Structures are given as C-alpha cells and as structure tokens.
Amino acid sequence: MGRRSPVAEAAIAVMLLTLGTACGSRLPESDFEHRDRGSSSAPAGDRTPIRVGIITSATSPVGGNAFTGPRDGAKAFFDRLDARGGIDGRRVEVRLCDDGGSGVGNNECVHRLIDEDEVVALVATTALDYAGASRVSHARVPDIGGQPIGAAYDTYPHLYGIYGSLAPRAGTTGWDGEQYGGTEVYRYFKREHGARTAAVVSYNQPASAAYARLVERGLRAEGYKVVAEQVDFALPNFRAAAADLKEQGADLVFDALDTHGNARLCEAMDDVGAEVTAKVTNVQNWTSAVAEDYKDAPRCRNALWATGSSRNHEDTDQAAVREFREATKGLKTHSQWQLEGWAAAMWFTDAAKSCARQGVTRACVDGFMNRSQGYTADGLLIPVGFERLAEPPKERRTCLSVARWEDGRGWVSQGDMNTTCFDVPQLSYQP
C-alpha cells in the first residue's frame, strides 16, 4: 500500500510555519452527538440527491489558493458524474464549507455538514486545523481521501486519508504518539542519480528547523553527506546559503521554506551559479504554475523535481489522467492536489455504488472504506489501504511517483510509479 514518507507529510506543513498553531474554542460535545441522522436506507426507486460535504480552508491565512486544489478536483468529478446520471440515478449534491483555516471554523463546518446538512460522507477534506476530526469520527461519518496536513488521518477511525494508513487509528496518533515513514525519496536519488551530498535549507524558526532536522535524519540514514543551511526568518540571506551549498558540492537541495522562500532560494542559486542534480519539492507544489512562480530562476526551475504517491497530472497518455484533464480544462492551472481530489471523489463514488442496492448510508460507505485494500482510483494512486498494524513497521517496500520540470514540456514523469519501489527503513517522528 502506498504511504507517504514523513518528508512529504511534513513538507505540506512548511508553508504554515509563519502562522504557529491555529486554535480556538471547541463547540460543545453535545452539539456533535450523532443520532444516526442521514444514514437510513433510501426507499426503492428513490431519486433524492446523495449529499456529500467538502471542507476546505479556502480563505486561510496562508493564501487564497493554497488549499483549494482537492476541492476543485472533487467538484469536477461530481459534476461530470451527475452529467452522466449520478449514482444509480441519484445526483450527488455537494455541500461546500470554507472553515477559514481556523479550529473554530472547522468545528462549525463539521457541525453544519454532519448535523444540519446530514451528508453521507466528507470527501477531499483539506483543512489547516482539522479541529473537528474527533467529532467526525464520533459521528461515524466516513471522511474519504482527505489530505493529511495534520495527524488526524493517523489518529481516528472513520477517517481515510488519500495515502492510506498503517496506524491503529484508535484515538492516539500513530503508535504511542509517534508516526513512521520511509526514506524512499532519498534512496531514489542516491540509487538512480548517484547523489551523495544533500543540502537542507531552513529558517531559524522552530517549525522550519524541526522539519529540517527530520529531513537531515532521513538523509543520513541513507548515507548522505548533509549540508545544513539556516537563514534568518526576518532577513534571510539566501545568496550566502546558495554560495555555501555550491562550495560544498551539493547534489540535491531540500528545504524547509515557504513558497516565496523557495523561489528566492532558486533565484539565489542561479545568481551564484549553483547547479544541482535536483531541487526537490513536494506534492503540494507539483503544479502547472512553476513557470510563473520561478520565472526569475530558469536554471533552478529546470532542476525542480517532485515526488508523491499519485500519477503525474500531465501523464495524458493514461486514460484516467486524460479524463481528469478534460473535466478540469476550464481551470486556470492544474495540480497534483486537484488530481488527488478527483481520486477521492472517485473513491466515494465506488463506495456508494457498492451500497446502491441496500441504500447509500454512512455505515455502508464506511464498511466499504474499511475493506479498501490496494485501491488505485483507476490507476491514479499508488495502491492504498488501511491495515491497523499493532506495531509500527521497521521496514517497508514503498513506491513513489517522480516527475521533473522541463520548460516547454512541463512535468515529465521519471519511470512508472508502480515499479519505482524500494525496501527502506521506517523512521519515527512526532507530528
């Protein structure tokens, strides 16, 4: 089963490092006591819509479009599904909720969608602060294909992240508060491209520094020489960091920076003539906006590589990708998160179709998800499952999707994601 490394999981949080922890009061537990509303079987021949909810931090403090990709992909899938007759003749009615990136807003979205709108499931959740996760689990509402920005999808039952989980998910994060992930990204560049020296650039800020230490640990486990570069958060001297990583002969560059910092680092690398095998980024930055975001760093831009657990959104030789691209052709840009939102909506649809005869209920959809092993969303995902292992794995065979940016071609896949696989150690970390 595909499972993201801690590097990829933590990388999503890097963009949040300027914010600290979003917090706020919780709604009373009594507001979430579930009386099994919205979960009864529909009568035979019923054509009422099937309601699903999508929670997105669309107006979060980190920016207007930071979290909207999964929502847009899922919405495009459901629009296309409805145009083709829905599920057993029933339209899927999507209820959107913007939680504003706050815990209070997230709880309000959970309350409205579950208790007022009575949705059958949540799909493609992408929340900066998933404060309502325990309430979703308490109500036994399946949350399908969410982005694991925090630890919720490795903590609670009835929550099914887009990359799967091996954890017990009994209310405690991972195993005794620790999560585990592999070193497959580092193994890939070492084995396939001969990389031996890696630079890790971070801010002198706690969240950024902590993530950088995690990356450094994984790199050392794979035998790399590690060059640690830290810049001042308020007045970063990216040119000095770029000059040093050039002097140290870095083959790879990883970072614990926000998007703006990444672009400035790339510009500095071009200015000092630092050429590397790969400037490695993560799935959230795997977008068609690279040419604009890195417009002032052409050399570094063409050294950008992305890794993840889903098929490159530019692999239009694949029928499932072509279908996604056709349905989303009206969007200004395309991204890997959009494709994963599309896959999440497909996952719900497959679950609902399996329940159509006896009734599309929360319990039936949840049962399908619990049985999900090796799910691929028609080949868009590295096989996903939920195993609930009593003990954390010490080693796993893990596959990854890899792409490189090339001007004029966009993101070009590097091998097949289902055969780019490595047996790697699993390292513990605290989310």
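Across the range 329-351, which residue is least open to solvent (accessible area, probe 1.4 Å) among those that are more than 19 Å from the chain's Cα centre (by Cα) and over 16 Å from Ile54 (Cα atoms)?
In this case the residue turns out to be Ala351.
Step by step: first the residues of the range 170-183, then only those that are open to solvent by less than 10 Å² (accessible area, probe 1.4 Å) and not in a strand (DSSP E or B), then the one that is farthest from Gly249 (Cα to Cα). Which residue is that?
Checked the range 170-183; the qualifying residue farthest from Gly249 (Cα to Cα) is Gly174.
Take the residues in the range 262-285 that are under 25 Å from Glu192 (Cα atoms) and out of contact with any strand residue (DSSP E or B) (no Cβ under 9 Å at 6 or more places or on another chain), then tell me which one is surrounded by the most Cβ atoms within 10 Å (Cβ to Cβ).
Asp270
Within the set of pairs 6 or more residues apart or between chains, which connect a residue that is over 17 Å from Asp244 (Cβ atoms) inside the range 259-282 to a residue that is open to solvent by 30 Å² or more (accessible area, probe 1.4 Å) and of a type in the set (A, V, I, L, M, F, W, C) with Cβ atoms less than 8 Å apart?
Going by the 8 Å Cβ cut-off, the qualifying pairs are Thr259/Met15.
Would you be able to tell me the number of residues in the range 360-386 that are at pLDDT 95 or above and either over 15 Å from Tyr160 (Cβ atoms) or assigned to a loop (DSSP other than H, G, I, E, B) (or both)?
Residues meeting the conditions: 9.
Given the options Ala167, Ala131, Ala199, Ala207, name the one that is more than 28 Å from Arg397 (Cβ to Cβ), under 20 Å from the mean Cα position of the chain (by Cα) and not in a helix (DSSP H, G or I).
Going through Ala167, Ala131, Ala199, Ala207 in turn, just one is more than 28 Å from Arg397 (Cβ to Cβ), under 20 Å from the mean Cα position of the chain (by Cα) and not in a helix (DSSP H, G or I): Ala131.
Which residues, taken from the range 210-222, are open to solvent by 80 Å² or more (accessible area, probe 1.4 Å) and either within 23 Å of the chain's Cα centre (by Cα) or modelled with pLDDT under 95 (or both)?
Within the range 210-222, Arg213, Arg217 meet the criteria.
From the list Gly132, Gly164, exactly one residue is modelled with pLDDT of 95 or more and under 18 Å from Arg95 (Cα atoms). Which is it?
Gly132
Which number in (1) of a type outside the set (A, V, I, L, M, F, W, C); (2) over 25 Å from Lys353 (Cα atoms); (3) without any contact (Cβ under 8 Å) to a residue 40 or more places away in the chain marks the one condition that Glu116 misses?
(2)
Looking at the range 375-414, which of the residues that are touching a residue at least 24 places away in the same chain (Cβ under 8 Å) and among the small types (Gly, Ala, Ser) is most open to solvent (accessible area, probe 1.4 Å)?
Applying the filter and picking the extreme gives Ala390.
Identify, from the list Ala250, Ala319, the residue that is closer than 30 Å to Ala83 by Cβ and of a type in the set (Gly, Ala, Ser).
Result: Ala319 is the single residue among Ala250, Ala319 that is closer than 30 Å to Ala83 by Cβ and of a type in the set (Gly, Ala, Ser).
Under 6 Å between Cβ atoms, which residue pairs at least 6 apart in sequence (or on different chains) link something in the range 312-331 that is acidic (Asp, Glu) with a partner that is assigned to a helix (DSSP H, G or I) and surrounded by 12 or more Cβ atoms within 10 Å (Cβ to Cβ)?
Asp315/Val321
Identify the single condition in (1) in a helix (DSSP H, G or I); (2) over 26 Å from Phe67 (Cα atoms); (3) charged (D, E, K, R) that Arg213 does not satisfy, given that it satisfies every other one.
With respect to (1) in a helix (DSSP H, G or I); (2) over 26 Å from Phe67 (Cα atoms); (3) charged (D, E, K, R), Arg213 is out only on (2).
Please tell me if Ala151 is surrounded by 24 or more Cβ atoms within 10 Å (Cβ to Cβ) and more than 20 Å from Gly330 (Cβ to Cβ).
no
Considering the range 352-367 alone, what residues qualify as being buried (at least 20 other Cβ atoms within 10 Å of the Cβ), more than 22 Å from the chain's Cα centre (by Cα) and of a type outside the set (Val, Ile, Thr)?
Ala352, Cys355, Arg362, Cys364
Given the conditions (1) closer than 30 Å to Thr197 by Cα; (2) of a type outside the set (Ser, Thr, Tyr); (3) out of contact with any Ser or Thr (no Cβ under 7 Å at 6 or more places or on another chain), which single one is not true for Ala289?
(3)
Restricting to the range 223-242, and then to whatever is buried (at least 18 other Cβ atoms within 10 Å of the Cβ), among the aliphatic types (A, V, I, L, M) and out of contact with any Ser or Thr (no Cβ under 9 Å at 6 or more places or on another chain), can you tell me which residue is farthest from Val290 (Cα to Cα)?
My answer is Ala241.
Just to be sure before I move on: is Arg322 of a type outside the set (Ser, Thr, Tyr), in a helix (DSSP H, G or I) and out of contact with any Leu (no Cβ under 7 Å at 6 or more places or on another chain) in the structure I sent?
yes
Would you pick out the residues in the range 105-163 that are in contact with a strand residue (DSSP E or B) (Cβ under 7 Å, 6 or more places away or on another chain) and aromatic (Phe, Trp, Tyr)?
Selection gives Tyr153, Tyr160, Tyr163.
For the range 225-238, does any single residue satisfy the condition of being assigned to a helix (DSSP H, G or I) and free of Cβ contacts under 8 Å to residues at least 60 places away in the same chain?
yes
Could you please find all residues in the range 293-317 being aliphatic (A, V, I, L, M) and assigned to a strand (DSSP E or B)?
Leu304, Ala306
Could you list all residues from the range 253-292 that are assigned to a helix (DSSP H, G or I), out of contact with any Cys (no Cβ under 6 Å at 6 or more places or on another chain) and not hydrophobic (A, V, I, L, M, F, W, C)?
Across the range 253-292, the qualifying residues are Thr259, His260, Gly261, Asn262, Arg264, Glu267, Asp271, Gln284, Asn285, Glu292.
The values are calculated or read from the model by the stated rules, or taken from the named source; none is laboratory data. Just so you know, these numbers come straight off a predicted model, no measurement behind them. All Cβ positions, glycine included, derive from the backbone under ideal geometry; neighbour counts span all protein chains shown. For the accessible areas, the whole protein counts, side chains as well, though only heavy atoms, and no ligand, DNA or RNA atoms are used. Shrake-Rupley method; radii C 1.70, N 1.55, O 1.52, S 1.80 Å.
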